[in-house]
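Okay, so here's the structure we're looking at.
The values are calculated or read from the model by the stated rules, or taken from the named source; none is laboratory data. Since this is a predicted model, take the numbers as computed values, not measurements. So basically every Cβ, Gly included, is an ideal-geometry build from the backbone, and we count neighbours across all protein chains shown.
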Amino acid sequence: MIISASSRTDIPAFYGEWFQNRLDAGYCLSVNPFNGAVYRIGLQRHEVEGFVFWTKNLGPFLPRLRVLTDRGFPFVIQYTINGYPRRLEPSVGPAESACEHMRFVSRTYGSKVGVWRYDPILLTDLTDFDFHRTNFAGLAGELAGAVDEVVVSYASLAYRKARRNLDLAARRGGFRWDDPDDDRKQAFLSELAVIAAGHEMTLRLCAQPKYLSPGVREASCIDAGRLAQVAGHPISGWKPGHRGKQCACDYSRDIGAYDTCLHGCVYCYALSDLRVSRALHRQHDPLAEWLLPPRRVDRKKPGALSQLFCCDREY
């Protein structure tokens, strides 16, 4: 089984101690965000074929990578480095530090471990096409030789909470956001693909097939093939991934929880309200079996938890 840690939150930045404790225990509990069911996920070496980590700040987690290596776990790091203004990413650290993390990972664990995410591409009057063209090229130059792949996507405005949060941030921050037509978006990705290729990177597009074009390939963010290259032996994978047929990922189990990230990015689909995330983070127990318990469960009621447990696939 491939473990995703996590597309729902930033475990490396904020929950490394909890992750280490669960790794030591050999299992964790994961709560289905749609129906509240609880799943036991084994984390022993014979149960886990590899980890895929998602983060915007790997710094606090760097010591944990050595632990994983010493215990024989292969891993891939999906590292989002956007270099956006603080009005869009108020609590994300400097892009320069993130690039240095990626260079360190490449030197220490191999060039296949790190994947750069320039994601999402958010178009505003602070970050128009000209900004992205220059910004992307600068970051690609910093990461050249450290990564061979960059994953992109456009900000998804289909999520009501993402659109609501973006509207609120725009009013507070005094900026305007834009959603250009599909032809313009597709053409711009072709430009970025040329820039990426100039730095020996392949540009891949995450779960937005309508923008694919020559030079822009489909992304597999949970990629058994890349994990196998890191591990040095075959790793089984099957599809569809966590987003169904629109996603090229291999299947994985996610151990994170929504509304627990503290980065506060204005475009985030995993965040309802930063105040909620801060409150839930304060309640987080690094010794608990799960990152965040089901909010609707009365843990003092006898049998309440056992009624929620399932052993089959999460969704």
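Identify the residue in segment 192-238 that is of a type in the set (D, E, K, R) and either in contact with a Ser or Thr (Cβ under 8 Å, 6 or more places away or on another chain) or surrounded by 17 or more Cβ atoms within 10 Å (Cβ to Cβ) (or both) and, among all such residues, is modelled with the lowest pLDDT. Before you say what the answer is, go through the steps one by one.
Of segment 192-238, the ones of a type in the set (D, E, K, R) are 200, 204, 210, 217-218, 223, 226.
Okay, now just the ones that are also either in contact with a Ser or Thr (Cβ under 8 Å, 6 or more places away or on another chain) or surrounded by 17 or more Cβ atoms within 10 Å (Cβ to Cβ) (or both), so 204, 217, 223, 226.
Working: Arg204: 97, Arg217: 93, Asp223: 96, Arg226: 97.
Among them, the one singled out is Arg217.
Within the set of pairs 6+ apart or on separate chains, which have a first residue in segment 14-38 that is among the charged types (D, E, K, R), a second that is surrounded by fewer than 15 Cβ atoms within 10 Å (Cβ to Cβ), and C-beta atoms under 8 Å apart?
Pairs found: Glu17/Pro286.
Look through segment 69-82, keep the residues that are crowded, with 20+ Cβ neighbours inside 10 Å and not aromatic (Phe, Trp, Tyr), and return whichever of them is farthest from Phe129 (Cα to Cα).
Pro74
The conditions are (1) crowded, with 21+ Cβ neighbours inside 10 Å; (2) over 25 Å from Phe75 (Cα atoms); (3) under 15 Å from the mean Cα position of the chain (by Cα), and Gly114 fails exactly one of them. Which is it?
(2)
Got a sec? Which helices (runs of 4 or more DSSP H) wholly within segment 105-215 have at least 1 residues that are within 29 Å of Gly50 (Cα to Cα) and not hydrophobic (A, V, I, L, M, F, W, C)? If you could, list the steps in order and put the result at the bottom.
Values: elements: 129-143, 160-173, 182-198.
Hits in segment 105-215: 129-143.
Output the qualifying pairs, or none if there are none: Cβ atoms under 6 angstrom, residues six or more apart or on different chains, first residue in segment 222-239 and closer than 19 Å to Gly114 by Cβ, second residue of a type in the set (Asp, Glu) and surrounded by 14 or more Cβ atoms within 10 Å (Cβ to Cβ).
Taking only residues 6 or more apart or on different chains, the pairs are Ile222/Asp250; Ala224/Asp250; Ile235/Glu49.
In segment 44-63, what count of residues is obtained for those that are of a type in the set (A, V, I, L, M) and in contact (Cβ under 8 Å) with a residue 60 or more places away in the chain?
Residues of segment 44-63 that are of a type in the set (A, V, I, L, M), as a first pass: 48, 52, 58, 62.
From what's left, in contact (Cβ under 8 Å) with a residue 60 or more places away in the chain: 52.
Residues meeting the conditions: 1.
Could you go through segment 208-216 and let me know if any residue there is within 27 Å of Ile77 (Cβ to Cβ) and in contact (Cβ under 8 Å) with a residue 60 or more places away in the chain. Explain how you work it out, then say what you get.
Filtering segment 208-216 down to residues within 27 Å of Ile77 (Cβ to Cβ) leaves 208-209, 211-212, 215-216.
Within this subset, residues satisfying the condition of being in contact (Cβ under 8 Å) with a residue 60 or more places away in the chain are none.
No, every residue in segment 208-216 fails to be within 27 Å of Ile77 (Cβ to Cβ) and in contact (Cβ under 8 Å) with a residue 60 or more places away in the chain.
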